[in-house]
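Reviewing the structure listed below.
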Amino acid sequence: MRVIVTGGAGFIGSNFIRYILKKKPGWDITNIDALTYAGNLANLSGIEDSPKYKFIKGDISNPEDVERLFESEYDYLVNFAAETHVDRSLYEPGLFLKTNVLGTQLLLNYALEKRIKRFIQISTDEVYGSLESEGYFDESSPLSPNSPYAASKASADVICRSYSRTFDMPVIITRCGNNYGPYQFPEKVIPFFITKALKDEPLPLYGDGLNVRDWIHVEDHCDAILAVLEKGEIGEVYNIGGGNERTNLELTRIILEILGKPESLIKFVKDRPGHDRRYALNCDKIKAELGWSAQMDFADGLRKTVEWYLNNKKWCDDVISGEYMKFYELHYRERS
Ligand code: NAD
Ligand code: TDX
């Protein structure tokens, strides 16, 4: 199989490429990535010389780049490329719409013309909006996004649906919960708090710290995507979750305990505007229809993740670039 992976230099995309090269040694992967502040070829070190892997530097919202990509023939496309940080979407919503909506639509156009056999849109649980303490979202729950990031992902989902219904395109959408694991950019809460705690700097917990996220190890997510790619039903949506709901305060305490750091590092700060209270997914469909379920124990997965960051301090220092720091200083000054 010849597979396009977009956004393969980011967190989940790079884990997915490693996973596929191991699980499907006969497959050829082409990774197109714009290498934004979140994209990093060091995430793929060791595989750049593989004859089964090719990299194209390109922007999915730029017609010339996408045209160049589609000069070759492919079977599948998995679309990870996106602007992904909710906090950044508060400052630069237009960029989120350009990449996440227009970029996806451009890929759909070319994939349609080139008769791609399966187009997998990697979406998120955030498109459903927020839950209080009870209940779960299933695939038929209404879309009710609250941040510009979530709205851009929800827009991409409905555009994918329209291409599937109108042009009979083989599109499948996956909606996953919060991922954790190696190579995650240290702007997302787990690697951010690990790297802060290692420097004995305060961990800025938004609001009352009682917002809940459902955590899944990135390898379980990659496994689910492969199941959808091979066995998923065209035109369908699949929720993917780890079943590990934790409040941010519980999560922060576990990280501090693993690192042997004091809870006095926790600093409650002004809340994120529009902060979703709780995400929780009903994943019965993918379990029943595709036989997938998450395998990683949360305590083990988190411990391994902390160890990965401890062993890769240079990677962390290198990725926190000038562009990221400008956002970081403004955003956290406004929170304090
Ligand atoms: P990430 O921010 O780590 O990586 C995104 C990648 O996309 C980067 O390599 C970046 O350079 C690339 N990119 C950005 N704009 C681009 C453009 N215009 N053209 C080409 N490449 C571009 O993100 P991630 O956490 O790996 O998320 C990957 C996908 O999974 C996203 O679509 C995201 O919405 C979705 N998702 C993420 C999570 C999570 O918890 N991280 C959960 C559910 C769904
Ligand atoms: O400094 C912080 N303090 C804090 O309390 C940060 C960065 C986050 N938080 C809280 C906000 C959330 O309740 O931690 C929780 C997780 O925050 P993020 O890591 O920013 O993730 P979230 O907003 O839940 O979105 C993530 O999950 C779904 C990803 O970033 C998305 O790309 C994915 O679609």
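What follows is calculated from the coordinates using simple rules that are stated; it is not laboratory data. For clarity, every value in this text was computed on a predicted model and none was experimentally measured. Neighbour counts are summed over all protein chains in view; Cβ atoms, including those assigned to glycine, are modelled from backbone coordinates with ideal geometry.
Computed values, structure above
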| quantity | calculated |
| --- | --- |
| For the range 1-131, projected area of the alpha-carbon convex hull averaged over all directions, nm² | 8.5 |
| SER45/SER133 FRET efficiency (R0 51 Å; Cβ-Cβ; nearest 0.05) | 0.75 |
| Net charge over other residues, Cβ less than 13 angstrom from the Cβ of VAL3 (K, R count +1; D, E count -1) | +3 |
| Of LYS57/LYS261; LYS114/LYS231; LYS114/LYS304; LYS196/LYS231, those spanning more than 31 Å from alpha-carbon to alpha-carbon | LYS57/LYS261; LYS114/LYS304; LYS196/LYS231 |
| Helix-only mean residue ellipticity at 222 nm for the chain, each DSSP H run of n ≥ 4 adding -39500 (n - 2.57), per residue, nearest 500 | -12000 deg cm²/dmol |
| Ordering of 48-55, 33-40 by burial proxy (mean other Cβ atoms within 10 Å per residue, highest first) | 33-40, 48-55 |
| Distance from the range 18-69 to the range 78-135 (C-alpha centre basis), Å | 18 |
| Test item: Cα-centred dipole of the chain, Lys/Arg +1 and Asp/Glu -1 on Cβ, debye | 360 |
| Compactness of the range 196-336, expressed as Rg and Dmax over alpha-carbon positions, Å | 17.8, 50 |
| 5 angstrom amide H check on ASN179, placed H, neighbours 5+ away | ILE216 |
| Inter-label distance for LEU330 and THR247, nm, one decimal - labels placed 7 Å from Cα along Cα-to-Cβ | 3.3 |
| Average Cα contact separation per residue, the range 1-131, under 8 Å, 6 or more apart, as relative contact order % | 27 |
| Centre separation in Å (Cα based) which lies between the range 275-332 and the range 164-214 | 5 |
| Residues of type lysines that LYS52 reaches as a straight line, Cα spacing below 19 Å, ignoring anything fewer than 8 places off in the same chain | LYS22, LYS23, LYS24 |
| Net +/- balance of residues flanking TYR19 in space, Cβ distance below 11 Å, scoring K and R +1, D and E -1 | +1 |
| At least 15 Å along the helix axis (C-alpha) and Kyte average at least 0.5, DSSP helices within the chain | 248-259 |
| Neighbourhood net charge (11 Å Cβ-Cβ; Lys/Arg +1, Asp/Glu -1) for LYS285 | -4 |
| Nonlocal amide H pairs with ASN146, under 5 Å, H built at 1.01 Å | GLY129, ALA151 |
| The range 227-291, relative contact order [Cα under 8 Å, separation at least 6], % | 60 |
